[in-house]
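**Q** Before we start, here is the structure in question, set down as structure tokens.
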């Protein structure tokens, strides 16, 4: 048995691998991926080479582009037929749009029913609209709260915060003791990263952006979330440069020992513990992002991605075999130090946890609670509206109420 055929999909999933028909000798798949902080270009090439070895005659041509180019690449090649892609990587916020416009093949019937429960529900939400699935989840990610153990100990804080209110209180204590001027750092530049943080806090407050596609950001949880964000700036708890920072900037500030708390994706855990990249090795703590007392135990914004079959692929069966392989448990477990697996059982494997025990402990609590950003087929446009409104409020150019009221009005004009 080849290593990739070891139990991973389990049950019916193994059967799918075992009975797959050999591909035609001259079949070439075109696959679109992104350059990323989790699986590197070399990792994806290595996975693909192993797949090709186990599928004689089947070859995969890879194209890797920055995340910022991924969406438009998929849209631009829709309808290109044999000249386009067979397999594409897509973001959690795109399925509604892609389903509406027919950019991906519906793969619902290709996924065995007994496999569904083996994967985190939040991972499935990455590739699902309504009752239909448009791919397999592949990169499973959320943002965690990172904290500097030494700073908390110096401030007499025995445990990391469990709620957003506790985070503000702990940051105030650290600031008052002069340990660091601005205890919290965020990625609040006018970009998607800002919407992610906003959505995380909104979910903790109870979530809900409106009903039947009619968004209402200027009330309830969405308004409470932005009000909280602005208050941390007003109180001097958050680094004021956060409004210019992206995730890599957050990593740099935190790893330099210039912040006690940071919200960031999984990739920061390894780099903040790498002596070549960090000044605080051995002092990095990680827990799920906080919740709100009486409403939510944790926050866990869904930052996952899926692999799908392009709508006009002439090699759907071969493309699905490639997707099955990349998302299988053996392959995901092999690369688990780079990106955590979608498979629940992987988290019971001591080999997966070894060297990243704190991350696995945090993931066990966070991954079952993944929450979405606003769901709409016009997400790209809605995100731009929200980014502008959130920045206006954070920079003091408008009150949270006024900024979100304008965002609500603008969202109502989207189709």
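The values are calculated or read from the model by the stated rules, or taken from the named source; none is laboratory data. The structure presented is a predicted model; accordingly, all values stated were derived computationally and were not measured. Positions of Cβ are backbone-derived with ideal geometry, glycine not excepted, and every protein chain shown enters the neighbour counts.
**Q** Mind listing whichever residues of the stretch 174-187 are closer than 19 Å to residue 205 by Cβ and in a loop (DSSP other than H, G, I, E, B)?
**A** Answer for the stretch 174-187, where residues must be closer than 19 Å to residue 205 by Cβ and in a loop (DSSP other than H, G, I, E, B): just 186.
**Q** Using the structure shown, decide if residue 171 is assigned to a helix (DSSP H, G or I), farther than 17 Å from residue 400 by Cα and in contact with a strand residue (DSSP E or B) (Cβ under 6 Å, 6 or more places away or on another chain).
**A** Considered against the rule, which asks whether it is assigned to a helix (DSSP H, G or I), farther than 17 Å from residue 400 by Cα and in contact with a strand residue (DSSP E or B) (Cβ under 6 Å, 6 or more places away or on another chain), residue 171 comes out as yes.
**Q** Check whether at least one residue in the stretch 284-307 is at pLDDT 95 or above and over 26 Å from residue 121 (Cβ atoms), and report yes or no.
**A** Looking through the stretch 284-307, at least one residue is at pLDDT 95 or above and over 26 Å from residue 121 (Cβ atoms).
**Q** Kindly indicate whether residue 4 is modelled with pLDDT under 90, part of a helix (DSSP H, G or I) and closer than 28 Å to residue 112 by Cβ.
**A** Details: modelled with pLDDT under 90: yes; part of a helix (DSSP H, G or I): yes; closer than 28 Å to residue 112 by Cβ: yes.
When the stated conditions are applied, residue 4 passes them.
**Q** Identify the single condition in (1) within 22 Å of residue 73 (Cβ to Cβ); (2) modelled with pLDDT of 95 or more; (3) in contact with a helix residue (DSSP H, G or I) (Cβ under 8 Å, 6 or more places away or on another chain) that residue 319 does not satisfy, given that it satisfies every other one.
**A** It fails just one condition, (3).
**Q** Within the bounds of the stretch 198-218, is there any residue that is within 16 Å of residue 395 (Cα to Cα) and under 21 Å from the mean Cα position of the chain (by Cα)?
**A** Checking the stretch 198-218: at least one residue is within 16 Å of residue 395 (Cα to Cα) and under 21 Å from the mean Cα position of the chain (by Cα).
**Q** Enumerate the helices (runs of 4 or more DSSP H) found wholly within the stretch 12-112, keeping only those where 2 or more residues are modelled with pLDDT of 90 or more and either at negative phi or out of contact with any strand residue (DSSP E or B) (no Cβ under 9 Å at 6 or more places or on another chain) (or both).
**A** Of the helices (runs of 4 or more DSSP H) lying wholly inside the stretch 12-112, those with at least 2 residues that are modelled with pLDDT of 90 or more and either at negative phi or out of contact with any strand residue (DSSP E or B) (no Cβ under 9 Å at 6 or more places or on another chain) (or both) span 41-54, 67-76, 95-101.
**Q** Of the residues 155, 69, 113, which single one is under 30 Å from residue 293 (Cβ atoms) and either more than 25 Å from the chain's Cα centre (by Cα) or surrounded by fewer than 24 Cβ atoms within 10 Å (Cβ to Cβ) (or both)?
**A** 155
**Q** Looking at residue 291, is it in a strand (DSSP E or B), under 19 Å from the mean Cα position of the chain (by Cα) and either surrounded by fewer than 17 Cβ atoms within 10 Å (Cβ to Cβ) or outside the structural domain of residue 207 (by TED's automatic domain parsing) (or both)?
**A** no
**Q** Among the residues of the stretch 127-151, write down those that are part of a loop (DSSP other than H, G, I, E, B) and farther than 24 Å from residue 262 by Cβ.
**A** 127, 130, 131, 134, 135
Yes/no per residue for (1) out of contact with any strand residue (DSSP E or B) (no Cβ under 9 Å at 6 or more places or on another chain); (2) crowded, with 24+ Cβ neighbours inside 10 Å:
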| site | (1), (2) |
| --- | --- |
| 335 | yes, no |
| 351 | yes, no |
| 376 | no, no |
| 384 | yes, no |
| 392 | yes, no |
| 397 | yes, no |
| 407 | no, yes |
| 412 | no, no |
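**Q** Follow-up. Given the criteria part of a loop (DSSP other than H, G, I, E, B), without any contact (Cβ under 8 Å) to a residue 60 or more places away in the chain and over 24 Å from residue 37 (Cβ atoms), does residue 158 qualify?
**A** It is true that residue 158 is part of a loop (DSSP other than H, G, I, E, B), without any contact (Cβ under 8 Å) to a residue 60 or more places away in the chain and over 24 Å from residue 37 (Cβ atoms).
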